[in-house]
């Protein structure tokens, strides 16, 4: 993905554009889970004043992508490994069921439109070179359309409102592992084929397998990231009882524009 925080914003629809830039930076991992936002740094980086930036931040707080802690500030939402595992298990069950219902309720024209959407996704340079599979929100998101196609209002509320944005962070992360982007696109095509047959059992099976594969990849990545974050210097400091805070500050110093 392009660096979403380093190009200036023109004045039209300023708050929405700022929110979209921040959202893209969060989804792509440019603003990492748990990182603290620096309003001053972001305002300078984006070329905007604090007013529209703060309103954009409030929008993303409402969508659970950002979390504000009194006397601490605003951080990118982060899940513990156990919370993430539980959430992805729930996602597999709910989206599998949604896909089964979509096989029964989606029209042939809606399913054809899904196939065309995947053709557009396949033209993404990042998908072709295997660096990631980014889907913009809502109607241009493959999973969003399928959930909407379930015609189950309770399921739509859970998957398209309550869990939607936070799940997108980890969905994108799983696609950045080598070879995963192309594989995910192929799995999407297999889901569309099952929908086109209006076969709810096969559709649910294909969706569950797709989400299970994504879960395995993202959990492996998070485990690898956790292991990398403990450097030999940090390990030595921890063994001696010393604080690693100075080491951490040096390590993130180059990101001071985005984090504190």
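Taken together, the values in this text are just the output of simple stated rules run on the coordinates, not laboratory data. Because the structure is a prediction, the values reported are computed rather than measured. Every residue, glycine as well, gets a Cβ built from its backbone with ideal geometry; the counts of neighbours run over all protein chains shown.
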Which shape class, rounded, prolate or oblate, goes with the range 14-78 when its Cα gyration tensor gives a ≥ b ≥ c as root eigenvalues, a/c under 1.5 marks rounded, and past that a/b bigger than b/c marks prolate?
-> rounded
Footprinting proxy, 185, 66: sorted fewest to most Cβ within 10 Å, the residues are 185, 66
Let a ≥ b ≥ c be the square roots of the eigenvalues of the Cα gyration tensor of the range 1-155; is it rounded (a/c under 1.5), or, if not, prolate (a/b larger than b/c) or oblate?
-> prolate
PRE zone check, label point 7 Å out along Cα-to-Cβ of residue 221, amide N under 15 Å, scope the range 155-199, hits 166-185
Which of 173, 36 comes first, and how do the rest follow, when ranked by fewest Cβ neighbours within 10 Å?
-> 36, 173
Of 106, 155, how do they rank once you tally other Cβ atoms within 10 Å and put the fewest first?
-> 155, 106
Prolate/oblate/rounded call for the range 81-226, Cα gyration tensor, a/c under 1.5 rounded | oblate
